[in-house]
Number of protein chains: 2
Amino acid sequence: MTRRLRVQDLPTPALLLDVEVLERNVQRMADRVAALGARLRPHVKTHKCIEIGRLQLRRGARGITVATIVEAKDFAEHGFDDITWAVPVPVSRLDEVVELARRITFRVVVDSHEALEALAAAARAARISAHTWLKVDCGYHRAGVDPEAVASVELVRRLVDTPGITFDGILTHAGHAYHAKDAAERRRIADEERAVMVAFAERLWALGIPVPDVSVGSTPSITAAESLDGVTEARPGNYVFYDYMQAATGVCTVEDVAVSVLATVISHQPGAEHALVDAGALAMSKDLGPRDPAKRRGLGPLLAGIAGATLEPSVDLAAVSQEHGIVAGSSAAAIEGRFRVGGKVRILPNHSCLTAALFDEYHVVRGEEVVDRWKIWRGR
Amino acid sequence: MTRRLRVQDLPTPALLLDVEVLERNVQRMADRVAALGARLRPHVKTHKCIEIGRLQLRRGARGITVATIVEAKDFAEHGFDDITWAVPVPVSRLDEVVELARRITFRVVVDSHEALEALAAAARAARISAHTWLKVDCGYHRAGVDPEAVASVELVRRLVDTPGITFDGILTHAGHAYHAKDAAERRRIADEERAVMVAFAERLWALGIPVPDVSVGSTPSITAAESLDGVTEARPGNYVFYDYMQAATGVCTVEDVAVSVLATVISHQPGAEHALVDAGALAMSKDLGPRDPAKRRGLGPLLAGIAGATLEPSVDLAAVSQEHGIVAGSSAAAIEGRFRVGGKVRILPNHSCLTAALFDEYHVVRGEEVVDRWKIWRGR
């Protein structure tokens, strides 16, 4: 950039990314997973950003995880050559899966005979062998096979035996760790996630079925885990940014949250108990954040000032419509005289993954200075 | 397209647009507003689509309304030359406003002295006169001046007198019509919206202040309005698509909803009371739909079959995470045996504006045939 651009001068709404916090978060998780003896395959659905994915690889990540085939293709275009699509593979996208699998190490996930057979047929037609994980349910009960069911062993045998399939191992996601009420519950969920997977892998080995890898992960469970013994790979994603939800539930502190939305006050009528800003549902998402109503801060709490990471104690983005956000406080006095039209505010997102997916780019900041712009690959 | 593509064959998630329903909706609103004696300036934030904007103009719309400066620039690039940005103008975007106002008739909205002075200064510096509406509060209490306050007349005088400003008239949005419980309440809100604006315009005329235009609008209020006497322009937007929210509150029928999300069943475990589909928060949004809990259908009800417009009576998209959707019914029996992995479902969005903003394109369909693809200009 030719001259110094300051946060205060940005057009709004803008998504700010504090690069120092980002680098600290990336390093800390890399160190944590290495210390626990596993490899790190971070989920890039949180950031959808090539620069951040490269930073994660430089700091020790081995491969990445994606949530859509479009993310996979976008990252593959930029040189990422080992990617897991950690959603049970939709059979409507198999043409794209085998096309990508010709070019890079592309790994998909199944938890049904139907998907396995369709995938194997597409792979054989393309004369490839598709790297495939078995998705296991470790207690979240969203997807994945029951690790204690006889039918699950049968499905693994099919994965191992079916031409066109390369069995990569077993994979799970303890999504319920997001809803744990405290660190003790997260530790319990993380331990159960590990124990369920390791027991299943041992059972398979005992039956003479090799299990190349055991993959687990979510930011809250990996942050809480005291051991990853028997696990080979961890797939947290949110930790690069965190968000108000993670801070409110104690997974991180507010100082650890790397992204915020910069908005301009666009209306404030005399005597009104709210101010209007130009950040609505298409800047923040409509994610309500913490499940505990006592911890809710509307669509996100306001931050004090243009830099720094202190929450305004009693001022939230209380409601949104498509492009309007209503800033309101616990009392009219919290608003009175503080939000002049033309002034700027920062809002902490409830759920950074959904907020980032609404923007085209990050404004990368150091303190109050804007040092770069990074594209968000949000194609669908 | 070289060969006939069928809805059943589309990769998912995909946003389907029934072009026959769209055309009927566009024509009906055009006829309605014409019959009420006003001009139609539709809000394109709902669709963000050049083809649909052109259809609206062909059917009699005069100019368009946008929600962001990026929408304004995208439509201007495609020949739309009379655009109102119906959000109180953020002073952080004034450079772009005056740049666009050099090329087309670009109208902005203010409700404060601060924004007026900043806009006028930017316009004078660019040697243009900025078309400007005064935003009036007709009872929604989100933005806009109090039409009965002395200060509001003073602000109009400033709009008329300030060099660099061309006063276009007064504008309002009865957003509370979306939350009305029935048609009678919508009629009352529509009548109040009209009455408030006409009374304010008459007061200004009586003071010798010409009011070139009186602009109102929202899909529910314009659909309910029995008169637009004294109003010159209406700005509904959602009516092109409608959605489950509008159907549930009686603004339209399910048959009037023009968009739905096609998804693939990606997981369904034996005995599970849910199936998993590949449409999550980034396909549907997290909009909860109707305020009345009795009318809620999760993140959207399922439609029966791949064509047609009949709701499944008891199966909804019950929950979403980023790219996963959980389909569940009022009982396990509603799910049992009906959602095989690889099968496809259609989901009615709660809020079509937010859903469309998450996709890159519409798959335009007639019955079960895909006849075209239209880009969604969702840049931020």
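Would you be able to tell me the number of residues in segment B:323-338 that are more than 10 Å from chain A (Cβ to nearest Cβ), open to solvent by 10 Å² or more (accessible area, probe 1.4 Å) and at pLDDT 95 or above?
1
What's the total number of residues in segment B:321-341 that are within 12 Å of B:ALA263 (Cα to Cα) and under 33 Å from the mean Cα position of the chain (by Cα)?
Quick first cut of segment B:321-341, residues within 12 Å of B:ALA263 (Cα to Cα) only: B:323-327, B:339, B:341.
Those still in the list that are under 33 Å from the mean Cα position of the chain (by Cα) too: B:323-327, B:339.
Final tally of qualifying residues: 6.
Which residues, counting only those in segment B:251-298, are within 30 Å of B:GLU185 (Cα to Cα), open to solvent by less than 60 Å² (accessible area, probe 1.4 Å), of a type in the set (S, T, N, Q) and in contact with a helix residue (DSSP H, G or I) (Cβ under 8 Å, 6 or more places away or on another chain)?
Selection gives B:SER285 alone.
Go through segment B:342-380 and report how many residues are more than 14 Å from chain A (Cβ to nearest Cβ), within 22 Å of the chain's Cα centre (by Cα) and not in a strand (DSSP E or B).
Looking only at that region, the number is 1.
Determine, yes or no, whether A:THR232 is touching a Ser or Thr at 6+ places or on another chain (Cβ under 8 Å) and open to solvent by 10 Å² or more (accessible area, probe 1.4 Å).
Yes.
So which residues in segment A:166-192 are open to solvent by 40 Å² or more (accessible area, probe 1.4 Å) and hydrophobic (A, V, I, L, M, F, W, C), if there are any at all?
Once the filter is applied, which keeps residues that are open to solvent by 40 Å² or more (accessible area, probe 1.4 Å) and hydrophobic (A, V, I, L, M, F, W, C), segment A:166-192 yields A:ALA183, A:ALA184.
Given segment B:232-303, what strands (runs of 3 or more DSSP E) lie entirely inside it while holding 1 or more residues that are within 14 Å of chain A (Cβ to nearest Cβ)? Break it down into steps so the answer makes sense when it comes.
Working: elements: B:259-267, B:274-277, B:301-303.
Filter on segment B:232-303 gives B:259-267, B:274-277.
Is there a residue being farther than 30 Å from A:ARG157 by Cα and in contact with a helix residue (DSSP H, G or I) (Cβ under 7 Å, 6 or more places away or on another chain) anywhere in segment A:184-202? I'd like the intermediate steps shown before the answer.
Filtering segment A:184-202 down to residues farther than 30 Å from A:ARG157 by Cα leaves A:184-188.
This time we only want the ones that are in contact with a helix residue (DSSP H, G or I) (Cβ under 7 Å, 6 or more places away or on another chain), so: A:186-187.
Yes, some residue in segment A:184-202 is farther than 30 Å from A:ARG157 by Cα and in contact with a helix residue (DSSP H, G or I) (Cβ under 7 Å, 6 or more places away or on another chain).
Going by the structure shown, is B:SER215 in a strand (DSSP E or B), open to solvent by less than 10 Å² (accessible area, probe 1.4 Å) and of a type outside the set (Asp, Glu)? Outline the logic, then answer.
Values: in a strand (DSSP E or B): yes; open to solvent by less than 10 Å² (accessible area, probe 1.4 Å): yes; of a type outside the set (Asp, Glu): yes.
Yes: the conditions hold for B:SER215.
Can you tell which of B:ARG296, B:ARG346, B:ARG366 is among the basic types (Lys, Arg) and free of Cβ contacts under 8 Å to residues at least 40 places away in the same chain? Step through it out loud before you land on a result.
Values: B:ARG346 fails: free of Cβ contacts under 8 Å to residues at least 40 places away in the same chain; B:ARG366 fails: free of Cβ contacts under 8 Å to residues at least 40 places away in the same chain.
Among B:ARG296, B:ARG346, B:ARG366, only B:ARG296 is among the basic types (Lys, Arg) and free of Cβ contacts under 8 Å to residues at least 40 places away in the same chain.
Do we find that B:PRO349 is of a type outside the set (Lys, Arg), open to solvent by less than 20 Å² (accessible area, probe 1.4 Å) and touching a Lys or Arg at 6+ places or on another chain (Cβ under 7 Å) in this structure?
Values: of a type outside the set (Lys, Arg): yes; open to solvent by less than 20 Å² (accessible area, probe 1.4 Å): yes; touching a Lys or Arg at 6+ places or on another chain (Cβ under 7 Å): no.
No, not satisfied.
Need the failing condition index for A:ALA195 against (1) open to solvent by less than 40 Å² (accessible area, probe 1.4 Å); (2) assigned to a helix (DSSP H, G or I); (3) not β-branched (Val, Ile, Thr), just the number.
(1) is the only condition that A:ALA195 fails.
The values are calculated or read from the model by the stated rules, or taken from the named source; none is laboratory data. This one's a predicted model, so the numbers in the text were calculated from it and none came from an experiment. Glycine gets a Cβ as well: all are built from the backbone with ideal geometry, and neighbour counts include every protein chain shown. The protein model used for the area step is the full one, side chains on, heavy atoms only, and it has no ligands, DNA or RNA in it. Shrake-Rupley method; radii C 1.70, N 1.55, O 1.52, S 1.80 Å.
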